[in-house]
Amino acid sequence: MSNKISGLSNLNQRLIVGVLGAALFVGSIIISEWTFALIFMGLTVLGQLEFYRLMEAQGIRTNKLIGLALGIVLFAAFFLIEKELIPPQWLYFVLPLLALIFVMELYRKQHNPFTNIAFTLLGVIYIALPFALLHKIAFLPDGYSWHPVLGLMLLIWASDTGAYIAGKNFGRRKLFPRVSPGKTWEGWFGGMLLTLAVAYGLGVYLTDLALYQWIGIGVLVSVFGVLGDLIESMLKRSLDVKDSGTLLPGHGGILDRFDSLIIVIPFIVAFLQIF
């Protein structure tokens, strides 16, 4: 199947992978909290592996095993706590794993040990922690709801689509040329308008969140989703790579597809917890 897809044009690859990926995501999010957790657990692991692979190509010897273990424990702990299957105190198990990253480096006999430690932790903070925090969005006081998660994905897609259409037709002034020469202020403004319009529609039809909460999430996606995209572009430029990976034909890697999501999640969690 992957060989057949790789033999198609880039546009056809993007369309096929995009449709299949969207169907998988929407189905997993709607069916139950278990399928939701399974799909995002997979993204957590694949995203961390992709990040560590990029670092290894630069000569940085991250401790993948302990980094992945920490990411999995963090993700699973947040899910099981929100499901009320374990008490919140179990989250303290993360702390010894953090300390083990330092201890294990003593026995690896690698050059630049603290660089290795730093980038191992960065893979957890940059990728695993935001995906773990997604449970704070998915679980409302009455339990799991697919409304906030699916709505968030729709808002990110709206932001990307609006920015692409407006940028292609009206883009003149560069938004951040040092990092991403293709992005324009006009594209950002178009993305924001479409995102806020979709947020209003979500507030009308997906009522598990209030209208003001959807509008607030729309504003955060418009601002920090774009910044997440720029941050991932900054990462790729610093490593001199075009895509973060090749897992998704025509789309690049996990970080290429979810760069906006992983940066915007902490802001949305803070917003919903406070307001």
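Numbers below:
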| item | result |
| --- | --- |
| Relative contact order [Cα under 8 Å, 6+ residues apart], segment 37-196, whole percent | 21 |
| Taking the chain and dividing mean pair separation by its residue count, relative contact order in percent (alpha carbons under 8 Å, at least six apart) | 20 |
| Residue-by-residue Karplus 3J(HN,Hα) for segment 164-175, coefficients 6.51, -1.76, 1.60, Hz, glycine and proline x | 5, 5, 5, x, 5, 9, 10, x, 10, 8, 5, 7 |
| Rounded if a/c under 1.5, otherwise prolate or oblate - segment 71-207, Cα gyration tensor axes | oblate |
| Three-way shape label, segment 23-99, alpha-carbon gyration tensor, a/c 1.5 | oblate |
| Cα-based Kirkwood hydrodynamic radius, the chain, one decimal, Å | 19.8 |
| Order of exposure, largest accessible area first, which applies to T161, T35 with probe 1.4 Å | T161, T35 |
| Under 13 Å, Cβ to Cβ, from G143 - net charge with Lys/Arg +1 and Asp/Glu -1 | -4 |
| Placed amide H near L140: partners under 5 Å, 5+ positions off or other chain | S145 |
| Among G245, G201, G143: highest mean-square fluctuation, GNM of the chain, C-alpha pairs under 10 Å | G143 |
| Built amide H within the under 5 Å cut-off of T184, gap 5+ | L175 |
| Accessible-area ranking of M104, M192, largest first, probe 1.4 Å | M104, M192 |
| Charge sum, other residues only, whose C-beta stays under 13 Å from F114's C-beta, Lys/Arg counted +1 and Asp/Glu -1 | +1 |
| Relative contact order (percent, whole number), segment 180-275, Cα cutoff 8 Å, 6+ residue spacing | 26 |
| Cross-link pairs K64/K242; K64/K236; K136/K242; K64/K183 - those with Cα-Cα distance over 27 Å | K136/K242; K64/K183 |
| Hull volume in cubic angstrom per residue (convex hull over the Cα atoms of segment 142-233) | 81 |
| Around V269: net Lys/Arg minus Asp/Glu count, Cβ-Cβ under 13 Å | 0 |
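The values are calculated or read from the model by the stated rules, or taken from the named source; none is laboratory data. All of these numbers come straight from a predicted model, not from anything done at the bench. Cβ sites come from the backbone with ideal geometry, for glycine too, and all protein chains shown count toward neighbours. Note: accessible area is taken over every heavy atom of the protein model, side chains too, but ligands, DNA and RNA are not part of it. Shrake-Rupley method; radii C 1.70, N 1.55, O 1.52, S 1.80 Å.
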